1. So which residues in region 95-117 are surrounded by fewer than 16 Cβ atoms within 10 Å (Cβ to Cβ) and under 17 Å from Trp144 (Cα atoms)?
2. How about region 118-133: which of its residues are surrounded by 13 or more Cβ atoms within 10 Å (Cβ to Cβ) and among the hydroxyl-bearing types (Ser, Thr, Tyr)?
3. Among the residues of region 13-48, count how many are part of a strand (DSSP E or B) and of a type in the set (A, V, I, L, M).
4. Hey, can you tell me all the residues within region 101-124 that are in contact (Cβ under 8 Å) with a residue 24 or more places away in the chain and aliphatic (A, V, I, L, M)?
5. Among the candidates Tyr57, Tyr89, which residue alone is of a type in the set (Phe, Trp, Tyr) and more than 30 Å from Cys12 (Cα to Cα)?
6. Would region 46-54 turn up any residue that is at pLDDT below 90 and exposed (fewer than 12 other Cβ atoms within 10 Å of the Cβ)?
Amino acid sequence: MLGIMASDMKVCSRCKVEKDVSFFGKRKWKGVTSPSAYCKECISANTKEWREENSEYVARRLHNRRPTTRIQEKQWVAKKYKDGKYRVYLLPEEHYCGQTEMVEYRIGQHTYSNKITEGMEIFGSYNTRKEAKLVEAQFHALGWYGRNLSDKKFCLNSWQYEN
């Protein structure tokens, strides 16, 4: 009877209090599962102390952590790359013209899709998307390829899209 009672109790290595095994987390080591050396309360307190002492590191890690959902991913990318300017860029090797607010991210997409991005030029930087679209449309009219040729036609005489 005492042997069973003794195996259900354990002394925490930090607070030195004897507690039931259910107050300890599980630890796997070399395929064997055993109770942790510290009780859950001590682990929680230790973690809290460490986070308070290293608050700058924790904040930096949380800020740089990539999101898990598609919507969070778009928001994260926008926060990281957008600067409020719309740029018209040219990829001369591909005879491609485009406009974006996130140049580094867009070039990364082009590289991933096996486009040649060496020699990329920023043609202009604009405050509004409409201005950038107008300049991009003029390049498309000159024969440059681009992403927005098939889905929308930009009217060169006005600031509106034609469907």
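1. His95, Lys115, Ile116
2. Ser125, Tyr126
3. 2
4. Met102, Ile116, Met120, Ile122 - these are the residues of region 101-124 that are in contact (Cβ under 8 Å) with a residue 24 or more places away in the chain and aliphatic (A, V, I, L, M).
5. Being of a type in the set (Phe, Trp, Tyr) and more than 30 Å from Cys12 (Cα to Cα) holds for just one of Tyr57, Tyr89, which is Tyr89.
6. Among the residues of region 46-54, not one is at pLDDT below 90 and exposed (fewer than 12 other Cβ atoms within 10 Å of the Cβ), which makes the answer no.
A quick yes/no check of all residues on (1) without any contact (Cβ under 8 Å) to a residue 12 or more places away in the chain; (2) under 17 Å from the mean Cα position of the chain (by Cα):
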residue: Ala59; (1), (2): yes, yes
residue: Leu62; (1), (2): yes, yes
residue: Thr68; (1), (2): yes, yes
residue: Ala78; (1), (2): no, yes
residue: Gly84; (1), (2): no, no
residue: Val88; (1), (2): no, no
residue: Gln99; (1), (2): no, no
residue: Thr128; (1), (2): no, no
residue: Leu134; (1), (2): no, no
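The values are calculated or read from the model by the stated rules, or taken from the named source; none is laboratory data. Note that the structure is predicted; figures quoted are calculated from it, not measured. Counting neighbours? That spans all protein chains shown, and the Cβs are built from the backbone with ideal geometry, glycine included.
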